[in-house]
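Report on the following structure.
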Amino acid sequence: MSEFVVVTGMSGAGRSTAAAALEDMGWFVIDNLPAGLIMKMVEMVDRPGSGMERVALVIGRGGSGTGPEYFDDLPDVLDELRSTRKRVRVVFLDAPDDVLVRRYEGTRRRHPLAARGVEESVTDERRLLEPVRERADLLVDTGELNSNQLRWRILEVFGDDEAPHMQTSVISFGYKHGLPLDVDIVFDCRFLPNPFWVEELRSYSGLDEPVRDYVLSQPESVAFLDKVADLVTSILPAFVREGKSYLTIAMGCTGGRHRSVTLAEALAERLGDEEHVVSVFHRDIER
């Protein structure tokens, strides 16, 4: 039986970028399908000889199908889809309101709900999509991501779809650039010695050996990493029992370039094994 990914979320949050990334991985992408036709499309996909084993439904883009009644129907359709398929994953792309407004003003595109101004339309859409957001398996905040970073985020999550276990990601970030909103657990690394204040290390990142050696040579860093790894390992089975498909862990330092990068890589190494690959994403390493 075919598996489905539903890509939805706020207009301007990056659905087209996510759809392109899935298409590049071999998913059959169906864009801007009205909610009332989703189950009919599923029936077509299930017909013998359709050849469509992995289908991505991109829902919520502009057009005649995105009026308020469309959003009213969508939660029930998602519930029906989940009740008839074992593998259905819903990805909700989001961003802060001011970012979405800025994106629309920058492109001068018409918002799908532009009965009023852009700010009011974003507010209306967020209210209408709240029941859909609550049904998401994976929430991705694209407010601090460019198109290429979002593409890599999708590739990391869906790049190994054969594994039946929960997919785990570790993200590094800098607090001065804002707390990521699409994570489940956050660990603060700012109390550890900072390589930024060591002049010969400042130009390197946490991926470089000199910084990695400096961070991991600190006794408090090793103790912190040990306790974090033990904690996460101990609670992973509980997340699995609750039916969670994705777990995203964030490691944050001041700028997101040194300590959090090294520790995110080290944590991923500890959590991963031959059967469980943990992906790593460094949000602010180039800032």
Which percent of the accessible heavy-atom area of the stretch 170-217 goes to carbon and sulfur, probe 1.4 angstrom? 52 percent
With 0.36 nm assigned to each residue of separation and the Cα-Cα distance removed, Thr84 to Arg127 gains 12.7 nm
The stretch 113-228 - percent relative contact order, Cα under 8 Å, separation 6 or more: 15 percent
Return the inverse of the average 1/r over all pairs of distinct C-alpha atoms in the chain, which is the Kirkwood hydrodynamic radius, in Å to one decimal. 20.4 Å
Report, to the nearest 10°, how far helix 15-24 tilts away from the longest principal axis of the Cα atoms in the chain, using its own Cα long axis and a range of 0 to 90°. 80 degrees
Relative contact order for the chain using alpha-carbon pairs under 8 Å, separation at least 6, rounded to a whole percent? 21 percent
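Give me the extension gain from Asn32 to Phe191: residue separation times 0.36 nm, minus the current Cα-Cα distance, reported in nm with one decimal.
Values: separation 159, 0.36 × 159 = 57.24 nm, distance 4.69 nm.
Value of the extension gain: 52.5 nm.
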³J(HN,Hα), Karplus 6.51/-1.76/1.60, whole Hz, each residue of the stretch 35-46, x for Gly, Pro: 4, x, 9, 4, 5, 5, 5, 4, 4, 5, 4, 7
Solvent-accessible area of Met52, probe 1.4 Å, all protein chains present, reported in Å² to the nearest ten, please. 40 Å²
Ranked order, Leu129, Leu207 - accessible area, probe 1.4 Å, largest first: Leu207, Leu129
For the stretch 127-206, what is Rg from Cα atoms divided by 2.2 N^0.38 Å, rounded to two decimals? 1.41
Taking the Cα of His177, stepping 7 Å toward and past its beta carbon, and measuring to each backbone N in the stretch 259-283: which are under 12 Å? 260-261, 281-283
Rank Pro75, Pro180, Pro237 by mean-square fluctuation in a GNM of the chain with C-alpha springs under 10 angstrom and give only the top-ranked residue. Pro237
If you line up the long axis of helix 118-133 against the longest principal axis of the chain, both from Cα atoms, how many degrees apart are they, to the nearest 10? 90 degrees
Between Asp46 and Asn146, what's the calculated FRET efficiency when r is the beta-carbon distance and R0 is 45 Å? Round to 0.05. 0.75
Accessible area per residue for the chain in Å², computed with a 1.4 Å probe and the full protein assembly in place, what is it? 49 Å²
Let me cross-check Met41: its accessible surface, 1.4 Å probe, with only protein heavy atoms counted, in Å² to the nearest 10? 40 Å²
Ser217 accessible area, 1.4 Å probe, all protein chains in place, Å² to nearest 10: 80 Å²
The stretch 143-287: relative contact order from alpha carbon pairs under 8 Å, six or more residues apart, as a whole percent, is 44 percent
Label-point separation in nm, Leu155 to Glu3, each point 7 Å along Cα→Cβ: 1.9 nm
Put Tyr214, Tyr204 in order of accessible area, largest first, probe 1.4 Å, and you get Tyr204, Tyr214
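The values are calculated or read from the model by the stated rules, or taken from the named source; none is laboratory data. The structure displayed is predicted, hence computed values, not measured ones. No Cβ is skipped: glycine too gets one built from the backbone with ideal geometry, and neighbour counts run over all protein chains shown. Just so you know, the surface numbers come from the protein's heavy atoms only, side chains and all, with ligands and any DNA or RNA stripped out. Shrake-Rupley method; radii C 1.70, N 1.55, O 1.52, S 1.80 Å.
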